[in-house]
Structures are given as structure tokens and as C-alpha cells.
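Below is one structure, written out as C-alpha cells; the observations come after it.
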Amino acid sequence: MTVRSILIHPDPRLKATATPVAEFNGDLAALADDMLETMYDAPGIGLAAPQLGIMKRMLVMDCVKEENATPEPMVLINPTVIESSEETNVYDEGCLSIPDQYAEVERPAIVKVEWTDISGKKVQEEFDGLWATCVQHEIDHLNGKLFIDYLKPLKRQMITRKMQKLKREIARGNA
Ligand code: K2U
Ligand code: ZN
């Protein structure tokens, strides 16, 4: 298992639409393990393959936040939202590809998601609370959408400029 580097916004791969997974093989299982290891290392509660520059429709999440609770790692391949509630929730979102920036995003409070699991079996589950926010945030990543796309243009521009500055500092070895 490998901790891989996470792309930082702006990056064209974070704005592209990922490709459906067709091959369910050992390589996919190894990628899922790397994604989970990278997510836990960040630390984060979700991660989508395009954040690693891998343009596959695949995400991992584990929204269990209690310290000594049993982790609940999930791997969702080719996920689609098949139902979403009228009721919405507002959450102060962040993103591992947009470090240290947070903003309120409103999303449906409950979503029913259908996906294929790592063994190739079709699964459906209803998510609420932080799991619902997270799975929608991750599916957005598969469609090239970032949480800042829900913000007013000025706020989005401000965050993008901060990330461009951060990337310049990283390139110079100053960050
Ligand atoms: O996709 C990602 O960048 C990981 C996201 C997932 C996420 C964002 C907003 C709301 C829920 C999930 C996060 O950076 S993981 C970090 C985190 C940790 C606890 C609560 C919220 C976000
Ligand atoms: Zn994100």
C-alpha cells in the first residue's frame, strides 16, 4: 500500500469528468487500498481517484470520526445518486485538494446512492448526516466539480488565488 500525493487546485484533472470503471481486477483493489491509506494519512474522511490524478469513477470514504470507534472504510465504484431529499443540510466543507480553505455548502440532507463494490456487485445505500455530505462531495469530484464551485465568484477567485500562491511556494520549496 502506498500513500500517494494529492493534486492541489487549480489542476485540469480536478475539473475533468472521470471515466467509468470497466475492469474489476487486482489493480483496482490495490488502488482502493492506496486511496484509503492516502485518505487516512491526510487525514480525511473521503477521497476521489481524480484527486490522485487517476481519472476513474471511484471514491473511498470513512466518516467515522469518534477516536476509538471501529473504522468503516467504504469503496464506491461508478456511484450514482438515485434519490435525494428535498430537505437540505449546510456543512462547513473543506477539501484535501484545497487545503485550509472552508466554506458553507448546502446539499440534500439524505441521498440514496447506487454503486458497484470492489467485487463487482451492485449495491444501494441511503446516506444521511456527514456521510451524505461526504458522498456528494466525492461524487462531485468524479464530475470535475469542487465545493468552491458552489460559492460566489469573488470568494471562489480568492480561494483559487491563495492556492496558486501556495503552489508557487511549493514549487520554490518554501511551503
Ligand atoms: O474530497 C476530499 O477532499 C475529502 C474531503 C471530504 C469532505 C469534505 C467536506 C465535507 C465532508 C467530507 C475532506 O477534506 S476530508 C476532511 C474533513 C474531515 C472532517 C470533516 C470534514 C472534512
Ligand atoms: Zn474534496
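The values are calculated or read from the model by the stated rules, or taken from the named source; none is laboratory data. All values reported here derive from a predicted model rather than from experimental measurement. For neighbour counting, all protein chains shown are included, and Cβ atoms are generated from backbone atoms with ideal geometry for every residue, glycine included. Just so you know, the surface numbers come from the protein's heavy atoms only, side chains and all, with ligands and any DNA or RNA stripped out. Shrake-Rupley method; radii C 1.70, N 1.55, O 1.52, S 1.80 Å.
Between a first residue in segment 49-74 that is open to solvent by less than 40 Å² (accessible area, probe 1.4 Å) and a second residue that is among the aromatic types (F, W, Y) and within 12 Å of ligand 1 (Cβ to nearest atom), which pairs have beta carbons less than 8 Å apart while being 6 or more apart in sequence or on different chains?
The qualifying pairs are M61/W131; D62/Y40; C63/W131.
From the list I98, I77, which residue is open to solvent by less than 70 Å² (accessible area, probe 1.4 Å), away from ligand 1 (no atom under 14 Å from the Cβ) and under 13 Å from the mean Cα position of the chain (by Cα)?
From the options I98, I77, the qualifying one is I77.
Yes or no, residue by residue, for (1) over 15 Å from Q51 (Cα atoms); (2) among the β-branched types (V, I, T); (3) touching a residue at least 40 places away in the same chain (Cβ under 8 Å):
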residue: T88; (1), (2), (3): yes, yes, no
residue: E93; (1), (2), (3): yes, no, yes
residue: G120; (1), (2), (3): yes, no, yes
residue: D128; (1), (2), (3): yes, no, no
residue: F147; (1), (2), (3): no, no, yes
residue: K152; (1), (2), (3): yes, no, no
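So which strands (runs of 3 or more DSSP E) stay within segment 93-175 end to end and still have 1 or more residues that are under 25 Å from E23 (Cβ atoms)?
Here the list reads 111-116, 122-127.
Pick from D128, D140, D117: which is closer than 25 Å to V60 by Cα and open to solvent by 50 Å² or more (accessible area, probe 1.4 Å)?
Every option except D128 fails the conditions.
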